[in-house]
Amino acid sequence: MNFNTEYIIAGPCGFDLNRAYHDALKIYEENWIKDTIAYEKFNIFAVEAKKYFSTNGPFISEAVSIIAAILHPKIFKNTAPLNSYKRVTP
C-alpha cells in the first residue's frame, strides 16, 4: 500500500518536542512508512505540540510558521520559533 505521503508531522496533543520526537521515532517500525515519499526524503518531523498546537490563542501564528518552515524551508527560513520542530531520523 502506498500512501504517497510527502510529509509527516507528529505533534501528539499536549507533548513537548522531546516527547513528540521520541514517539515519532516509532513510526520507523511500521512497514507502510517505507512506501512513502516522506520516508524516502526524510520528511518526518516532530513539533512542540504542547505550546504551539494543543492550545488556542496567541500561538496559532507560530504554529503556522512552524508548518511553513517544514514545508518550505528555503522560503520560510528562520521564521519558526527556536526548538519548535525537529526532523525525525532513525
When you look at Phe15, is it within 13 Å of Ala80 (Cβ to Cβ) and either assigned to a helix (DSSP H, G or I) or without any contact (Cβ under 8 Å) to a residue 60 or more places away in the chain (or both), yes or no? no
For the structure I just gave you, tell me whether Gly57 is of a type outside the set (Asp, Glu), touching a Ser or Thr at 6+ places or on another chain (Cβ under 6 Å) and at pLDDT below 95. no
Answer with yes or no whether Ile9 is surrounded by 18 or more Cβ atoms within 10 Å (Cβ to Cβ) and part of a helix (DSSP H, G or I). no
Can you name the condition, by its number, that Ala80 falls short on among (1) under 19 Å from Asn4 (Cβ atoms); (2) free of Cβ contacts under 8 Å to residues at least 24 places away in the same chain; (3) among the small types (Gly, Ala, Ser)? (1)
Residue list for segment 5-55, restricted to those being in contact with a Leu (Cβ under 8 Å, 6 or more places away or on another chain) and of a type in the set (Lys, Arg): none
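Identify the residue in segment 44-88 that is of a type in the set (D, E, K, R) and out of contact with any Gly (no Cβ under 6 Å at 6 or more places or on another chain) and, among all such residues, is nearest to Leu17 (Cα to Cα).
Going through segment 44-88, the residues of a type in the set (D, E, K, R) turn out to be 48, 50-51, 62, 74, 77, 86-87.
Retained after the next criterion (residues that are out of contact with any Gly (no Cβ under 6 Å at 6 or more places or on another chain)): 48, 51, 62, 74, 77, 86-87.
Values: Glu48: 4, Lys51: 9, Glu62: 14, Lys74: 22, Lys77: 19, Lys86: 8, Arg87: 11 Å.
Selected residue: Glu48.
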Please name all residue pairs, on different chains or six or more residues apart, with Cβ atoms under 8 Å, provided the first residue is in segment 23-37 and is more than 14 Å from Thr89 (Cβ to Cβ) and free of Cβ contacts under 8 Å to residues at least 60 places away in the same chain and the second residue is among the hydrophobic types (A, V, I, L, M, F, W, C) and surrounded by 14 or more Cβ atoms within 10 Å (Cβ to Cβ). Asp23/Ala10; Asp23/Phe15; Asp23/Ala46; Thr36/Ile8
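The values are calculated or read from the model by the stated rules, or taken from the named source; none is laboratory data. Just so you know, these numbers come straight off a predicted model, no measurement behind them. Using ideal geometry, Cβ is built from the backbone for each residue, glycine included, and neighbour counts are taken over all protein chains shown.
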